[in-house]
Amino acid sequence: MLSKLKEFFKKRGVWIEPYGEYLFLAKVKFTTYHTTFFLKDYEINSFLYLIGADSAGNPEEEFKRFKEATREILELPPDHYLSSFCLLLLNGELPLLYSSKSLWFGIKGKVEWGTLVLKEGKLKAPPQMEKIEKFLNSIATTSTGEFP
């Protein structure tokens with residue numbers, strides 16, 4: 001599973017191994033264009049970050065430390081919409097934690113943080129990150145590693 005995620009992020013974004021105190025940092029950018037009469041009016045950028053950890057001590061303290069560590073890698077281009085930071089715990093148990101923050105009263109978008117756990121060969125995420133859970137699981141289960 002992890003090898004397919006690694007392949008996807010390397011092809012379409014960034015995969016850094018190791019990243020500070022974490023096992024890896026993966027990042028991919030998604031751009032949505034709004035067009036009118038075949039002319040591009042504006043674009044919206046969203047970022048998905050996946051950060052791997054080996055094990056966690058106190059879950060709340062680990063989550064707080066994770067949120068603080070992501071501040072240095074957060075990108076806020078003028079057309080930012082959403083940045084999602086996912087902490088993937090490879091060994092041990094971590095509850096499904098979630099937090100979010102609107103930027104400039106929502107004008108600059110939103111940043112969200114959540115934990116992912118590996119259970120029975122699938123990634124599990126908090127309910128607020130259900131789309132990310134489905135997206136990452138679809139990448140990990142495709143046989144070719146291509147975008148589903």
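The values are calculated or read from the model by the stated rules, or taken from the named source; none is laboratory data. Everything numeric here is computed off the predicted structure, so don't read it as measured data. Glycine gets a Cβ as well: all are built from the backbone with ideal geometry, and neighbour counts include every protein chain shown. Only protein heavy atoms, including side chains, enter the accessible area calculation; ligands, DNA and RNA are left aside. Shrake-Rupley method; radii C 1.70, N 1.55, O 1.52, S 1.80 Å.
Details
- Förster radius 30 Å - calculated FRET efficiency between Phe37 and Lys10, Cβ distance, rounded to 0.05: 0.20
- The chain: C-alpha gyration tensor shape, a/c 1.5 cut-off, then a/b vs b/c: oblate
- Cα gyration tensor shape for the stretch 1-74, rounded if a/c is under 1.5, else prolate or oblate: prolate
- Share of carbon and sulfur in the accessible heavy-atom surface of the chain [1.4 Å probe, %]: 55
- Think of it as helices only: each DSSP H run of n ≥ 4 in the chain is worth -39500 (n - 2.57), and spread over all residues that comes to -7500 deg cm²/dmol at 222 nm.
- Extending 7 Å from Cα along the Cβ direction at Lys64 and again at Lys119 yields two label points whose distance is 2.6 nm.
- Solvent exposure of the chain as accessible area per residue, Å², 1.4 Å probe: 59
- With contacts taken as Cα pairs under 8 Å at a separation of at least 6 residues, the stretch 83-143 carries a relative contact order of 31 percent.
- Cross-link check: pairs Lys64/Lys101; Lys27/Lys67; Lys29/Lys131; Lys110/Lys131; Lys10/Lys119; Lys64/Lys131 evaluated at a Cα-Cα cut-off of 20 Å; pairs beyond the cut-off: Lys10/Lys119; Lys64/Lys131.
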